[in-house]
1. If you go through segment 249-259 one residue at a time, how many are under 18 Å from R327 (Cα atoms) and buried (at least 23 other Cβ atoms within 10 Å of the Cβ)?
2. Looking at (1) surrounded by fewer than 19 Cβ atoms within 10 Å (Cβ to Cβ); (2) more than 24 Å from D341 (Cβ to Cβ), can you tell me which one E295 breaks?
3. In segment 181-202, what residues are closer than 22 Å to F364 by Cβ and assigned to a loop (DSSP other than H, G, I, E, B)?
4. Only residues in segment 338-362 that are at positive phi count as the first member; pair them with residues that are surrounded by fewer than 24 Cβ atoms within 10 Å (Cβ to Cβ), Cβ under 9 angstrom, at least 6 apart or cross-chain, and list the lot.
5. Return the residues of segment 204-223 that are in a loop (DSSP other than H, G, I, E, B) and among the aliphatic types (A, V, I, L, M); say none if nothing qualifies.
6. Could you please find all residues in segment 376-394 being of a type in the set (G, A, S), surrounded by fewer than 18 Cβ atoms within 10 Å (Cβ to Cβ) and touching a residue at least 24 places away in the same chain (Cβ under 8 Å)?
7. Looking only at segment 214-230, which residues are without any contact (Cβ under 8 Å) to a residue 40 or more places away in the chain and touching a helix residue (DSSP H, G or I) at 6+ places or on another chain (Cβ under 6 Å)?
8. Taking S432 as meeting all but one of (1) at pLDDT 95 or above; (2) farther than 30 Å from L154 by Cβ, write down the number of the exception.
Amino acid sequence: MKTIFSGSVSRRGLLKTTATAALITAVRSAFPSGAFAAAATPEVTGAKLGYIALTDAAPLIVAVEKGLFAKHGMPDVEVIKQASWGATRDNLVLGGASNGIDGAHILTPMPYLMHTGKVTQNNVPVPMTILARLNLDSQGISVGTEYAESGVQLDASALKAAFEKKKAEGNEIKAAMTFPGGTHDLWLRYWLAAGGIDPDKDVSTIVVPPPQMVANMKVGNMDVFCVGEPWNEQLVNQGIGFTACTTGELWKGHPEKALGMRAEWVEKNPNAAKALLMAVMEAQQWCDSMDNKDEMSSILGKRQWFNVPPKDVLGRLKGDINYGNDRVVQGSNLYMKFWKDAASYPFKSHDTWFIAENIRWGKFAPDTDIKALVGQVNREDLWREAAKELGVATADIPATSSRGLETFFDGKVFDPENPSAYLDSLNIKAAS
């Protein structure tokens, strides 16, 4: 007997709907939570989210693989690989409706740089929103094997003489990061400057996409780089260089990537934004469990995601760090945090540091009103609403927007309530 489907419902559409319903049922069983039923219906069922092949994109990837977006009423979310942070920016400028993306796994300062038009074509501002932090810690600063004898680790000054000698011989010192004003740029600059190496005068900073770092180091295109995992680990595994330090050694518990969205999308779809947040939060909790690290590494290593051996992902996820210079640490607490220690919460105090540091290096004007800018971009209010609807324990919801004073490896202290004091100490005049 021939079955006829009337109206706009096609056989393919019905099959898709049936499959989605089955997936939602299965995921609800695997991740029991009353949040789905309690939450307001999302205005849309999908969003286009970009990601770079870095371990800290795991919450978005796991949310897809485990059906968590579907669980929260967003079965049509796409998580799309981006070639570089520049490509992420360009696709965010376009927006999902114009064959770009609506949001992304993103370097925390990038939404601020885009919101103010600092990194967009013709300096046209693209209003942006930060909904959540995706992780803490576990980036790395790695150095080529030619500097093995320097013994450089956390103290970058061990490279100063070697760099000076190489420059005197007519060679350029190249320090690679992933995006000007982004987190890797800031970690690299902080580390070099603390060691007496001026990142603007003593080296040439270059931009290299994360997945291309190892290949470029292999052919001698750079002397040092800062990037997320698994690329520092892969560098060591290939015997091309070593890790001088992890960024958690610079600033223990530092914020890293964020879930950034076009502000226009969030304003039009506030319920969908909360649904995305709830799915990502659940994924972050799953990612944080040590029991899931092996499976997580296998997921990320898949061809469609990172296309790397799972072992390149796994070690540092568990805190096992082979620095590659005869230093091996087992069970370090420098592993990547996705939920522990309020890793998901978008603290305004953290964003304040990123802007202050970008003032330090000339990306923002000294008179930038930091507090006002953070208030425009950071939507911790939506995070709180999503957390309550998800049933997150009160103890896991920070009481304030600030983590208080932040202390760095060189003894510097940053007071988020008084960023101008930090900048004044660097002889930079900031707005109060």
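1. Of the residues in segment 249-259, 0 are under 18 Å from R327 (Cα atoms) and buried (at least 23 other Cβ atoms within 10 Å of the Cβ).
2. (2)
3. If the condition is that a residue be closer than 22 Å to F364 by Cβ and assigned to a loop (DSSP other than H, G, I, E, B), then G181, G182, D198, P199, D200, K201 are the ones that fit.
4. Close Cβ pairs (under 9 Å, with a partner that is surrounded by fewer than 24 Cβ atoms within 10 Å (Cβ to Cβ)) amount to D341/G253; A342/D396; A342/I397; A342/P398; A342/R403; G362/D200.
5. At the first step, the residues of segment 204-223 found to be in a loop (DSSP other than H, G, I, E, B) are 208-209, 219-223.
The answer is V208, V219, M222.
6. G391 - this is the single residue of segment 376-394 that is of a type in the set (G, A, S), surrounded by fewer than 18 Cβ atoms within 10 Å (Cβ to Cβ) and touching a residue at least 24 places away in the same chain (Cβ under 8 Å).
7. Of all residues in segment 214-230, those without any contact (Cβ under 8 Å) to a residue 40 or more places away in the chain come to 214-215, 218-219.
Selection gives V214 alone.
8. Exception for S432: condition (1).
The values are calculated or read from the model by the stated rules, or taken from the named source; none is laboratory data. No experiment lies behind these values; they were computed from the predicted model shown. So basically every Cβ, Gly included, is an ideal-geometry build from the backbone, and we count neighbours across all protein chains shown. SASA here: full protein model, heavy atoms, side chains in, ligands and nucleic acids out. Shrake-Rupley method; radii C 1.70, N 1.55, O 1.52, S 1.80 Å.
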